[in-house]
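Notes follow the structure.
The values are calculated or read from the model by the stated rules, or taken from the named source; none is laboratory data. Model, not experiment: these values are computed from the prediction. Don't worry about glycine lacking a Cβ; one is built from the backbone with ideal geometry, like all the others, and counts go over all protein chains shown.
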Amino acid sequence: MYYSIKGFFMSKILVTGGLGFIGSHFVNYIMEKGIHDVILVDNMTYASNIDNVKILPKFLKKNIKDLTLEDLEDCDYIVNFAAETHVDNSIKDGLPFLESNIIGVYNLVEIAKKNKNLKKFIQISTDEVYGDLYNRLILNPSAFETANLNPSSYYSASKASAEMIVMAASRTFGLPYLITRTCNNYGENQNKEKFLPTVINSIKNDLEIPVYGDGSQIREWIHVIDNVYAIYNLMMSNDVNETYNIGSGERHSNLGVIEIIGEILNKNIKYKFVEDRLGHDKRYSIHSMKYEKKFGKIPTKKLKEWLKQILERF
């Protein structure tokens with residue numbers, strides 16, 4: 001249904017990619033507050049699911065490449081979740097990633113800079129823009145926001161490019177922005193192509209879990225709601241023209257995650273090593289001290305706790 005009460009809302013928020021995994025959780029979060037007028041934009045690709053949104057606000061089925069100034073409706077905030085995200089797909093065909101993550105962001109920025117009411121343009125990015133930290137000189141390194149960007153895939157390169165477009169628009173045209181770089185998100189309603197849904201589906205159907213390479217790749221994990229909480233805090237803050245890492249500090253190897261699942265289920269999990277992904281980064285890890293110094297520690301759910309809740313259904 002269309003949820004709007006004229007004159008009641010504190011601010012108007014346009015959310016692109018609002019039917020995707022993180023975007024839908026963000027829409028649910030702000031809709032439940034009942035104090036925002038929300039416009040949801042989504043192109044309804046394979047990764048979109050309208051059922052993930054509990055209360056559907058005004059909805060535009062559009063690619064961000066095709067949005068116009070009139071679509072923005074003089075919104076106060078633009079939060080851009082819209083993106084092609086699956087690294088494997090970017091290796092097979094990088095063009096959709098360039099079109100969505102670069103050309104799409106360029107169009108969104110071009111119309112956003114004409115919106116005189118805009119308080120903030122929030123670009124949702126990823127820790128993958130830092131590239132592989134494994135070969136850095138420091139033992140077990142983590143990236144600060146000031147670290148060099150060194151993307152390894154067409155996906156992460158397109159996300160880094162999008163960041164540069166947003167920052168260039170700020171310097172040249174005065175666009176007020178924030179960029180968030182988050183680690184691996186997990187939680188309810190994640191697309192089946194991602195790592196944890198693949199693992200859980202394999203266990204559910206008594207299949208071998210495919211593990212890239214030797215499974216030693218390190219990833220940092222944060223529950224999607226904890227990420228959404230931090231994004232909302234940043235949106236409503238007075239901060240502009242800054243970049244923030246959003247992480248949990250909880251890091252596991254891919255094999256380590258499978259071992260946690262085996263421990264929860266008290267069984268030996270079947271898995272098989274498969275040919276490693278091209279250009280596969282061995283370590284992602286970020287510092288979130290900048291955010292924590294300004295807003296306090298991010299309350300984070302532990303991955304093992306969440307897995308227990310999910311796996312107890314089996």
Within the range 194-237, which residues are of a type in the set (D, E) and over 20 Å from the mean Cα position of the chain (by Cα)?
D206, E208, D214
Odd one out for I269, checked against (1) at pLDDT below 95; (2) of a type in the set (V, I, T); (3) closer than 17 Å to E128 by Cβ
(3)
Within the range 277-299, how many residues turn out to be over 30 Å from L234 (Cα atoms) and exposed (fewer than 14 other Cβ atoms within 10 Å of the Cβ)?
1
Can you give me the number of residues within the range 93-130 that are basic (K, R) and part of a strand (DSSP E or B)?
1
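Does the range 76-89 contain any residue that is in contact with a Lys or Arg (Cβ under 6 Å, 6 or more places away or on another chain), at pLDDT 95 or above and in the same structural domain as T16 (by TED's automatic domain parsing)?
yes
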Within the range 32-48, does at least one residue satisfy the condition of being closer than 18 Å to S156 by Cα, without any contact (Cβ under 8 Å) to a residue 60 or more places away in the chain and among the hydroxyl-bearing types (S, T, Y)?
no
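Residue-by-condition table, conditions (1) of a type in the set (F, W, Y); (2) part of a helix (DSSP H, G or I); (3) without any contact (Cβ under 8 Å) to a residue 12 or more places away in the chain:
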site	(1), (2), (3)
I165	no, yes, no
A168	no, yes, yes
R171	no, yes, yes
L175	no, no, no
N201	no, yes, yes
D214	no, no, no
R219	no, no, no
Return only the number of the condition from (1) modelled with pLDDT of 95 or more; (2) surrounded by 15 or more Cβ atoms within 10 Å (Cβ to Cβ); (3) out of contact with any Asp or Glu (no Cβ under 6 Å at 6 or more places or on another chain) that K302 does not satisfy.
(2)
Hey, among the residues in the range 51-81 that are acidic (D, E) and part of a helix (DSSP H, G or I), which one's nearest to V224 (Cα to Cα)?
D51
Quick one: would you say N266 is closer than 24 Å to F81 by Cα and either buried (at least 17 other Cβ atoms within 10 Å of the Cβ) or of a type outside the set (V, I, T) (or both)?
no
Return only the number of the condition from (1) over 14 Å from T16 (Cα atoms); (2) touching a helix residue (DSSP H, G or I) at 6+ places or on another chain (Cβ under 6 Å); (3) assigned to a loop (DSSP other than H, G, I, E, B); (4) not aromatic (F, W, Y) that S90 does not satisfy.
(3)
Does I22 meet the test of being in a strand (DSSP E or B) and within 20 Å of A230 (Cα to Cα)?
no
A careful count of residues in the range 260-302 that are of a type in the set (A, V, I, L, M, F, W, C) and farther than 21 Å from G249 by Cα gives 6
Kindly establish whether I102 is at pLDDT 95 or above, touching a helix residue (DSSP H, G or I) at 6+ places or on another chain (Cβ under 8 Å), of a type in the set (V, I, T) and surrounded by fewer than 23 Cβ atoms within 10 Å (Cβ to Cβ).
yes
